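Single-structure report; data block below.
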Amino acid sequence: MEPKDLAGQRWLSIGTGNRLMKAHKPIELVHHDRIKHRPEIDVAHDLNDLPWPWPDNHFDYIVAWAVLEHLKLNLFESLGECWRIMRPGGRLKLKVPRWDAEGSWDDPSHYWKFTLNSLDYFDPETAKGKQYTFYTPYKWKIEWCKLSKPNGPSIAAELTVRK
């Protein structure tokens, strides 16, 4: 997404942690984390507590970089909540640990591990999405999904909400 396309958009960076996104003006950027450990954090909320503190259809873009694996919520619940607060056509960019990466098992705060096909259940255009339509009503289009680097420890993806 080019900066010229961002005017008037609302972005949410969840689980900001030690890495804060640099805002592209003139977007509205909300930084979230579980605790307000620095002044740049706009909203402190435990994402395991549903519903999240934002209204339906509120954000154009959500960044969940290395956060979903730390939630006790399963992927259906966390992506369902992203779906709820996302405007039609909005995008979600995420990074999660690959199931067979050593670091994904070392970190005791990781509840979930992922494969390159884990997101397929949410996209009705994939084989798994067609077969398992009953898994979730929250549908996404996988724009891309790949290893974060060749044979890397993480999977990165960008999804577009289907509403």
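The values are calculated or read from the model by the stated rules, or taken from the named source; none is laboratory data. Small disclaimer: the values here were computed from a predicted structure and weren't measured. Every residue, glycine as well, gets a Cβ built from its backbone with ideal geometry; the counts of neighbours run over all protein chains shown.
Some values worked out for this structure:
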read-out: Among the residues listed as LEU92, LEU73, LEU119, the single one being free of Cβ contacts under 8 Å to residues at least 60 places away in the same chain, under 13 Å from the mean Cα position of the chain (by Cα) and outside any helix (DSSP H, G or I); value: LEU73
read-out: Test: residue in segment 72-79 that is under 20 Å from TRP52 (Cβ atoms) and of a type in the set (S, T, N, Q); value: yes
read-out: Cross-chain or 6+ apart pairs with Cβ under 8 Å, segment 97-111 first and in contact (Cβ under 8 Å) with a residue 40 or more places away in the chain, then part of a loop (DSSP other than H, G, I, E, B) and of a type in the set (Val, Ile, Thr); value: ARG98/THR115
read-out: Whichever residue in segment 102-129 is over 26 Å from TRP11 (Cα atoms) and buried (at least 18 other Cβ atoms within 10 Å of the Cβ) and, among such residues, is modelled with the lowest pLDDT; value: SER104
read-out: Looking only at segment 134-160, and only at residues there that are of a type in the set (Lys, Arg) and in a strand (DSSP E or B), the one that is surrounded by the fewest Cβ atoms within 10 Å (Cβ to Cβ); value: LYS146
read-out: Residue among HIS24, HIS32, HIS58 that is modelled with pLDDT under 70, of a type outside the set (Val, Ile, Thr), touching a helix residue (DSSP H, G or I) at 6+ places or on another chain (Cβ under 9 Å) and surrounded by 13 or more Cβ atoms within 10 Å (Cβ to Cβ); value: HIS24
